[in-house]
Amino acid sequence: VSDLYRRWRVTVFLVTLAAAVLFCIALTAAVLRVLWSAVVSSLSLLGA
Amino acid sequence: MDGSDGLGCMLVAIGYLLAGLLLCLAAVPVAVIVALVFTGYAIYLYLRGVAAALGVGPDDRTVKLPEPPTRHEDGRDPAPPHYLYGPALADLAQTIREGRDRPYRALLSLLTKIKDRFFDWSEPNPLAWAFGGCLWLGLVLGALLSVLTVALLALWQLLFWSMLAGAAYGLIQALRGLDALNLWVRGIWMFCSSTCHRKVLFPIYACPYCQRKHHDVRPGRYGVFTRVCVCGTRMPTLLLFGSSQLKAFCPRCGDSMGDRAGNAPEFVLPMLGASTSGKTRMMLAIVRSLQERDGLTAEFADEVSRSIYEKYAPALSHGTDTWKTVPIRDTPLRAYRLHLTAHHGGRRLMHLFDPPGEIIETFENMQAQGYLTAARTFVLVLDPLTIDAVWWSFDDARREELARYRSGMSADHVFAQVLQNIEALGVQPKKARLVVALTKHDLVRGLVAGGNSDAVTAWLESPKIGLDNMVRSMCHAFGEVRFFRTSAWIEDGMVDTGIVSLTSWILDREGLKRTGLPEEDL
């Protein structure tokens, strides 16, 4: 019976994996954005 | 205390102060980095858990699913359910279990390691405590972030499964509707002509490999387009996808419904008449006429029909007697089933019933003939030997010779009995057709008028014959009435033209046009 569902299970796993990768990319992008804002703010403070 | 000691203490204090300041400045970035790294690690562990729960990769921790029954029991068919109907939910629960436990165990392990490494209370070390605190803070932040992430991923998984299940459910309903529409447009309904004599909505189908019976193969919990039998054979779920190629059985009586049930519109053709009126011979002649017709292919839909026909059909040309159809108590009448395919297009499944003549005598007997309520055309077989004018036109010797072929009931009495009983069964004759066959033309040659329906009608209504009341009643009661003079005798290998005309008229009215007879004869 389990073999019958193998294709479905692999599909579900790949979809979950894709979602996780997308989520990680989004999270990293958000963190980098915050860090970049902090660096820019620091530099402008030093410049002032 | 001298001056150098005081300076040394001050320098140590300044050192601690600077170290503390640096630590405070570094604490936030360290905690953030630790949190992000742990979140990434937690996602990785979650995905490993999901992979294990779904059996992807070497670590197989799939949930054990219940085995399907080996035969139909408790409303369950011998087939594993479709993935989205049961196994998906079990898998979801297992992925949540596996995906949740692994990051949680990793978090506990890391916290324990940090505690052991940086918080050794026997040797006070403020720098180690501070660094350990940063790591703890980062892990706690990471744990919160990873809980959020894993929860979002699990939610996405649930959403994905729900979308698939919703789409599958919609597709199932759409396919069921489409199949019902297809049957309605093509005028297809299925009929059990073996035992229970009722219309069947959804037959039981047998697996073509192991013959296990599946009670409802329509799209549903066992599959959308196909279902898999417990033996591993795929079966189509709808007539649209070819389920008519499977062996069908009646869900009420369990008897076979013949080959290719549901492939074509069906019609029921009962042949009613008194005993010894020639119904059985006429039925055999009708089958032969259908088989020999140009423009039409007639095939038996089951082996029983074929073997009975092959056994008795030679009697038509040899002149020997056929069997007498006898009523058997509590044993339902079985129909002779034929697939009819017109070469110009159109297919029908014909259920031809040849009940014993005794059934028309009482309502109780007629009541057991459930197939009558499904018929749109009735064939009334009348014996011309029962007409006095015909009978008394023979001399004594001939009458003695023909006595064994003569039916016991007069034609008008047979019709009255049939009409009364079918009306009592709930049949509306006005919506039905009546085909009146005056049989045994080979025995009464030259005495019964023929040619076409009008000529036979005029002959029956003539003062000499005196059956004008019966003809009027027939025309008044039924929506359409046709008269034929027939003979079941095969002469020179040819079926009687009356039988050919009669079958052509019936086929035409049942929607099989141009099957071998000119339009003007119809």
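Side notes on the structure shown:
- Against the numbered list (1) touching a residue at least 60 places away in the same chain (Cβ under 8 Å); (2) crowded, with 16+ Cβ neighbours inside 10 Å, residue B:424 comes up short only at (2).
- Residue pairs meeting the criteria (Cβ under 6 Å; at least 6 apart or on separate chains; first open to solvent by 40 Å² or more (accessible area, probe 1.4 Å), in the range B:170-187; second among the hydrophobic types (A, V, I, L, M, F, W, C)): B:171/B:224
- When A:33, A:7 are checked against the criterion of being outside any loop (DSSP other than H, G, I, E, B), farther than 23 Å from residue B:145 by Cβ and more than 7 Å from every other protein chain (Cβ to nearest Cβ), A:7 stands alone in meeting it.
Table: residues versus (1) touching a residue at least 60 places away in the same chain (Cβ under 8 Å); (2) within 13 Å of chain A (Cβ to nearest Cβ); (3) within 30 Å of residue B:231 (Cβ to Cβ); (4) open to solvent by 20 Å² or more (accessible area, probe 1.4 Å).
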position	(1), (2), (3), (4)
B:116	no, no, no, yes
B:123	no, no, no, yes
B:131	yes, no, no, yes
B:141	yes, yes, no, yes
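- Only helices (runs of 4 or more DSSP H) whose full extent lies in the range B:253-323 are considered here, and the ones with at least 2 residues that are at pLDDT 85 or above and over 32 Å from the mean Cα position of the chain (by Cα) are B:279-292.
- Cβ-Cβ under 6 Å pairs, at least 6 apart or on other chains, the range B:275-291 side within 11 Å of residue B:439 (Cβ to Cβ), far side of a type in the set (Phe, Trp, Tyr) and open to solvent by 10 Å² or more (accessible area, probe 1.4 Å): none
- Failed item in (1) out of contact with any Cys (no Cβ under 7 Å at 6 or more places or on another chain); (2) within 14 Å of chain A (Cβ to nearest Cβ), with residue B:78 passing the rest: (1)
- Given (1) in a loop (DSSP other than H, G, I, E, B); (2) open to solvent by less than 10 Å² (accessible area, probe 1.4 Å), index of the condition residue B:463 fails: (2)
- Residue list for the range B:28-70, filter: more than 7 Å from chain A (Cβ to nearest Cβ) and free of Cβ contacts under 8 Å to residues at least 12 places away in the same chain: B:28, B:29, B:44, B:57, B:58, B:59, B:60, B:64, B:66
- Within the range B:163-189, the set of residues being away from chain A (no Cβ under 12 Å) and either closer than 23 Å to residue B:100 by Cα or touching a helix residue (DSSP H, G or I) at 6+ places or on another chain (Cβ under 9 Å) (or both) comprises B:175, B:178, B:179, B:182, B:183, B:188, B:189.
Okay, residues lined up against (1) hydrophobic (A, V, I, L, M, F, W, C); (2) modelled with pLDDT of 85 or more; (3) within 30 Å of residue B:222 (Cα to Cα):
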{"position": "B:114", "(1), (2), (3)": "yes, yes, no"}
{"position": "B:120", "(1), (2), (3)": "no, no, no"}
{"position": "B:136", "(1), (2), (3)": "yes, yes, no"}
{"position": "B:149", "(1), (2), (3)": "no, no, no"}
{"position": "B:159", "(1), (2), (3)": "yes, yes, yes"}
{"position": "B:163", "(1), (2), (3)": "yes, yes, yes"}
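The values are calculated or read from the model by the stated rules, or taken from the named source; none is laboratory data. Given the structure is predicted, the values throughout are model-derived calculations rather than measurements. As a convention, Cβ positions derive from the backbone with ideal geometry for all residues, glycine included, and neighbour counts pool all protein chains shown. Accessible surface areas use protein heavy atoms only, side chains included; no ligands, DNA or RNA. Shrake-Rupley method; radii C 1.70, N 1.55, O 1.52, S 1.80 Å.
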